[in-house]
1. Cβ-Cβ under 8 Å, sequence separation 6+ or interchain: first residue in region 244-262 and within 26 Å of Thr351 (Cα to Cα), partner modelled with pLDDT of 90 or more and within 10 Å of ligand 2 (Cβ to nearest atom). Which pairs?
2. Take residues that are modelled with pLDDT of 95 or more, of a type in the set (Val, Ile, Thr) and within 16 Å of ligand 1 (Cβ to nearest atom) and tell me which of the strands (runs of 3 or more DSSP E) falling wholly in region 1-110 contain 1 or more.
3. Tally up the residues in region 106-133 that are in contact with a Ser or Thr (Cβ under 9 Å, 6 or more places away or on another chain), closer than 20 Å to Glu325 by Cα and either touching a residue at least 40 places away in the same chain (Cβ under 8 Å) or among the basic types (Lys, Arg) (or both), please.
4. Considering only residues that are part of a helix (DSSP H, G or I) and either in contact with an Asp or Glu (Cβ under 9 Å, 6 or more places away or on another chain) or of a type in the set (A, V, I, L, M, F, W, C) (or both), which ones fall in region 133-170?
5. Regarding Ala289, is this residue in contact (Cβ under 8 Å) with a residue 40 or more places away in the chain, touching a strand residue (DSSP E or B) at 6+ places or on another chain (Cβ under 8 Å), away from ligand 2 (no atom under 13 Å from the Cβ) and within 30 Å of Ala127 (Cβ to Cβ)?
6. Please verify whether Ile200 is surrounded by 14 or more Cβ atoms within 10 Å (Cβ to Cβ), of a type in the set (Val, Ile, Thr) and without any contact (Cβ under 8 Å) to a residue 12 or more places away in the chain, treating the condition exactly as stated.
7. Among the listed residues Ile200, Ile159, Ile240, identify the single one that is more than 16 Å from ligand 1 (Cβ to nearest atom), of a type outside the set (Phe, Trp, Tyr), under 25 Å from the mean Cα position of the chain (by Cα) and at pLDDT 95 or above.
8. Could you go through region 304-315 and let me know if any residue there is in a loop (DSSP other than H, G, I, E, B), in contact (Cβ under 8 Å) with a residue 24 or more places away in the chain and under 23 Å from the mean Cα position of the chain (by Cα).
Amino acid sequence: MSNPSILILPGDGIGPEVMAEVKKVITWYGAKRDLQFDVSDDLVGGAAYDAHGTPLHDDTMAKAQEVDAVLLGAVGGPKYDALDFSVKPERGLLRLRKEMDLFSNLRPAQCFDALADFSSLKKDVVAGLDIMIVRELTSGIYFGEPRGIIEEGNERVGINTQRYTESEIDRVARSAFELAMRRGKKLCSMEKANVMESGILWREVVTEVAKDYPEVELSHMYADAGAMQLCRWPKQFDVIVTDNLFGDLLSDAAAMLTGSLGMLPSASLGAPMGNGRPKALYEPVHGSAPDIAGQGKANPIACVLSFAMALRYSFDLGEEADRLEKAVEKVLADGVRTADLLGEEGVTPVTTSEMGDAILNALDASL
Ligand code: NAI
Ligand code: MG
């Protein structure tokens, strides 16, 4: 069987800087764990625009459709702000998500003990937190028709439509149940079935899908109540599944329970390909951070943890993903901090590449 393939798209700003550390990690797995990946590198975002006049070349799009996983850094930056909407760097990322049909967006909120003081919540509320929000990513109110701003009488009306088909709900629910099976076997579905028909259908379809996963304990919650519970006692949850709009808000809120943007990975999954692996794109939640780009200050952990998600969800290497996450945990426990993680006095921050090296050392120590 051929090696699993990875397409790396570092992108703009700190994207290439954090991705350089992931490449070191990939090399480590080849050398020390005999896990060989066929890695190719290409351009996305502003970097692609500079080279080709488009934020995603058709050839790159075609490659992304063929590989087992895409790893993306970040796109965008002030240099490109004045560009026409159609060629803005973000369009490259949107095109990838759309054409790969990545309907299931996995956003973990995980608290590393060493950083529990960083949270705006009390330490005992967040210490040990490990939850996953599954957000539907390709439908719902951001895409529903009709939409627009129309004239009605003597004023304008802004319109967006929340629309979900049964099959759209079914497939994202299944991906959440599959995930729950690999984790704590507990799934909470959030909508507003009290005031939205799309929420009623959501609840019905999720309940139907649950019959195929009798081991998973399913609960339902109104999304506003869910927001409250996430702040009050987030550890009551394991996996949460919700729509595009609620998921956008809830996943951002949940992510911040645990501290810095430089720590947050994500995965976006689509339908299984011929080899059984889902189409997949892994990327840190943060952007290109133009304010610190080129200075060696970026925290590479979000991007490294995104690769850990790839090991787990694309390559079925859960134990190796655990190894990498534990290495990150050890480095943090040892007090290694990039500038964004500084709180304690008297700690000197490490550079992006020193953080990467520290993770490699911790990986070595795990053998
Ligand atoms: P941002 O996430 O790039 O930065 C927000 C703040 O967090 C900045 O102060 C930055 O220095 C800090 N930060 C972010 N990642 C960090 C890391 N790994 N280590 C240390 N500090 C980190 O968001 P912002 O500033 O709103 O957007 C900057 C550019 O990135 C824009 O062009 C925006 O469109 C783009 N962007 C791209 C995204 C993507 O590629 N998925 C997502 C969000 C924004
Ligand atoms: Mg958002």
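1. The qualifying pairs are Ala255/Arg107; Ala255/Val285; Leu261/Val285.
2. In region 1-110, the matching strands (runs of 3 or more DSSP E) lie at 5-11, 69-74.
3. 13
4. Once the filter is applied, which keeps residues that are part of a helix (DSSP H, G or I) and either in contact with an Asp or Glu (Cβ under 9 Å, 6 or more places away or on another chain) or of a type in the set (A, V, I, L, M, F, W, C) (or both), region 133-170 yields Gly140, Ile141, Tyr142, Glu166, Glu168, Ile169, Asp170.
5. Answer is yes for this residue.
6. Yes, satisfied.
7. Exactly one of Ile200, Ile159, Ile240 is more than 16 Å from ligand 1 (Cβ to nearest atom), of a type outside the set (Phe, Trp, Tyr), under 25 Å from the mean Cα position of the chain (by Cα) and at pLDDT 95 or above, namely Ile240.
8. yes
The values are calculated or read from the model by the stated rules, or taken from the named source; none is laboratory data. Since this is a predicted model, take the numbers as computed values, not measurements. For neighbour counting, all protein chains shown are included, and Cβ atoms are generated from backbone atoms with ideal geometry for every residue, glycine included.
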